[in-house]
Amino acid sequence: MMAFLTLLARNRLAMAGGIVLSLVILLVLLTPILPLADPDVTDTGNRFKPPFSEGALLGTDHLGRDLLSRLLWGTQLSLAVGFSAAIIAATLGAAIGIIAGFYGGRTDNIIMRGVDMLMAFPYILLALAIVAALGPGLFNALIAVAAVNVPFFARNIRGITVGIAHKEFVDAARLAGMSNARIILTEVLPNVIPVIIIAMSTTIGWMILETAGLSFLGLGSQPPQADLGSMLGEARSALITNPHTSIVPGVMILIIVMSINLLGDGVRDALDPRLKSGALSRPMAATMVKREAPAPTSEGKGLLEAQELQTQFHVKDRVYRAAGGVSLHVEKGECLGIIGESGSGKSVTALSVMGLVASPPGVITGGAVRYEGKDLIGVPYKQLRDMRGRNVAYIFQDPLATLHPLYRVGDQLIEAIRSHRPIGKEEGRAKAIELLEAVRIPNAAKRITDYPHEMSGGMRQRVGIAMALANDPDVIIADEPTTALDVTVQAQILALLDDLRKSRGLAIVFITHDFGVVAQLCDRVAVMYAGRIVEEGQTADILDNPRHPYTARLMACVPELGEGKRRLEAIPGLPPVVDKLPAGCAFADRCDKVQDACRQGDIPLERNGARAVRCLFPETPLKEAAE
Ligand code: ADP
Ligand code: MG
């Protein structure tokens, strides 16, 4: 609730609308105690007095009635009718929509076809017909306006309910033996209420207009009773001679409807979770770069090299240092592993290489990424796009999320190729088959016409790998490509990547949180913690002799086959949040070897040949072991 109000308060237009509307409502509430003339007393001697004349601040109408008094009483009536109509329409419409959406099948069909029939009439004609049948009068106008808006709510809410009624938590409630009525009240309703409120807030203004329209036509409030619509209607004949009689109610309608709509839009934006997280602000095509320091000079290491790479997320006034100065490199034909707990900055580091971190909120604030020695940070987007997929390709964790659900996998493969070079239909098909064969999908010629959902998880991941291979890249960055797969499929995928590395001389950066995978595939490994590398070295070397306490603790978490009984030690605590990193070692709070010095000042990454460790008190000292 608080979050909703703060979000709403940040929207200036909505706030302005809210303030104006509150003033109007306050005025209307105070109307009975204000010293106003009787709105219905005629005084034909004082007809059409102009505004600001004595005793009539806004003038008088064609029967000499005080316009200010009529305006306030009329506004009260119009608002009351508009709000009531909205509440009635929302309640009825939502009830109909929820029932139709929840029960589905024949119930849904009968209800929704009825609703469709109502919707087939122009709503104002329908409202006129209803009032004609019931007889003119404000109450009947209210019923008519509510009735013509019920279908709108019913359709909206039904759509949402259909989505919710098939969610797992509803199935779970059903299996737990809850009655339908209870499921609707406790599981479905709380999820549709925001939608109901949104629909209401954006339609109340509309309903006030519709009520005013009916009154304008003489079908709503009956004389002498004033509402905004009937005031306009009565003023029509004097529109040219005494325009103030029309302007007064007209301006009030404008103010009310404008303020309600502005507020309603604000409410909708604040309640919609997608808008809240900024999903509608499209991410830029490449990560924003704001390097304060110049790029470090090249060390000329490897085919792909990151030097002191810093990537941050700027969310409001918080700064998350997701990658805090990461240096890595990978040679042709080599496999580098990056390992660390979830949230340690592995993905952000990997995505920064090709400028794929979403901006906003991502910003690359320092360091360099060198491909064949050339710095890529801040190069024109066209050049970056050219390199994506052709020089450096990615394989992501969840192949279901990376593949487009509505296109055949073959077409998606061809599209990946076509974005780099034109390719004909036949050639494309042949190439797609060749790629699927390269990742050992059986019966590839038939499989290219499959949709992603027709394949198993392992096969989809193979398609992901095939797509990464489509343009013969030199480097493949695989971000936990096997985490979603079971062990046998994982082993096959790893063997496949290893083969590709040997046969094509691919450089692979393999991100994982699994030491078993690292041992099987990687030549070298870098251990990340809280956005920095804490240890690096040859895989065998690190596995035999972990130096950083974090690495040692991570390895103690891995069960080993045939090793007999051993306690698997979980690391207590959680990694620090990267917007409030402690001074000194980020692991200090969880480390059992921590000493006072660990918490003071920055701890450098100490290097000795291929081995590096960022720790003041390593398990075995770096220098000594190298000798
Ligand atoms: P992992 O090592 O599991 O791949 P990530 O690289 O995805 O971790 O994330 C590293 C850190 O970056 C996380 O701790 C998270 O707090 C932060 N982060 C990631 N994405 C965002 C974002 N969009 N906004 C703010 N912080 C983010
Ligand atoms: Mg990740």
The chain, Rg to Rh (Cα coordinates; Rh as Kirkwood inverse mean 1/r): 1.14
Neighbour cut-off at most 10 other Cβ (10 Å), DSSP loop, trypsin sites (Lys or Arg not before Pro), the stretch 70-172: none
Cβ crowding within 10 Å averaged over residues, with 583-593, 334-344, 510-520, 174-184 ranked highest first: 334-344, 510-520, 583-593, 174-184
351, 574, 219, 57 arranged by Cβ crowding within 10 Å, fewest neighbours leading: 574, 57, 351, 219
Burial ranking of peptide ranges 546-557, 74-85 (average Cβ count within 10 Å, highest at the top): 74-85, 546-557
222 nm mean residue ellipticity, helices alone, for the chain (DSSP H n ≥ 4; -39,500 (n - 2.57); rounded to 500): -15500 deg cm²/dmol
Amide H within-cut-off set for residue 309, under 5 Å, with H built and near neighbours excluded: 325, 326, 327, 368
Sites residue 42 and residue 139, calculated FRET efficiency, Cβ-Cβ separation with R0 22 Å, nearest 0.05: 0.35
0 to 90° range, to nearest 10: angle between helix 487-504 axis and the chain longest Cα axis: 60
Convex hull volume per residue for the stretch 72-242, taking Cα atoms only, in Å³: 120
Cα-Cα over 30 Å, subset of 167/346; 332/382; 374/580; 167/316: 167/346; 374/580; 167/316
Between the stretch 108-162 and the stretch 205-252, the Cα center-to-center distance that results, in Å: 24
Degrees separating the helix 457-469 axis from the principal Cα axis of the chain, which is the longest one: 80
Calculated from backbone phi, Karplus (6.51, -1.76, 1.60) coupling profile of the stretch 169-178 in Hz, x at Gly/Pro: 5, 6, 4, 4, 5, 5, 5, 6, x, 6
Prolate/oblate/rounded call for the stretch 153-248, Cα gyration tensor, a/c under 1.5 rounded: prolate
Per-selection metrics, the stretch 11-70 (Cα): Rg and Dmax in Å: 14.9, 50
Taking the C-alpha atoms of the stretch 486-558, convex hull volume expressed per residue in Å³: 96
Residue exposure sequence - 328, 239 - by fewest surrounding Cβ within 10 Å: 239, 328
Nearest 10 degrees, 0 to 90: helix 123-134 Cα axis against the chain principal axis: 40
Hits among lysines - C-alpha to C-alpha of residue 431 under 20 Å, sequence gap 8 or more where chains match: 446
By average C-beta atoms within 10 angstrom, highest first, the peptides 225-233, 410-418, 119-127, 489-497: 225-233, 410-418, 489-497, 119-127
Cα gyration tensor of the stretch 406-513 - equivalent ellipsoid semi-axes, whole Å, descending: 22, 17, 12
The stretch 97-181: translational diffusion in µm²/s, Stokes-Einstein, Kirkwood Rh over Cα pairs, 25 °C, 0.890 mPa s: 169
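Values quoted throughout were computed directly from the atomic coordinates according to the rules given, and no laboratory measurement underlies them. Given the structure is predicted, the values throughout are model-derived calculations rather than measurements. We place every Cβ from the backbone using ideal geometry, glycine too, and count neighbours over all the protein chains shown.
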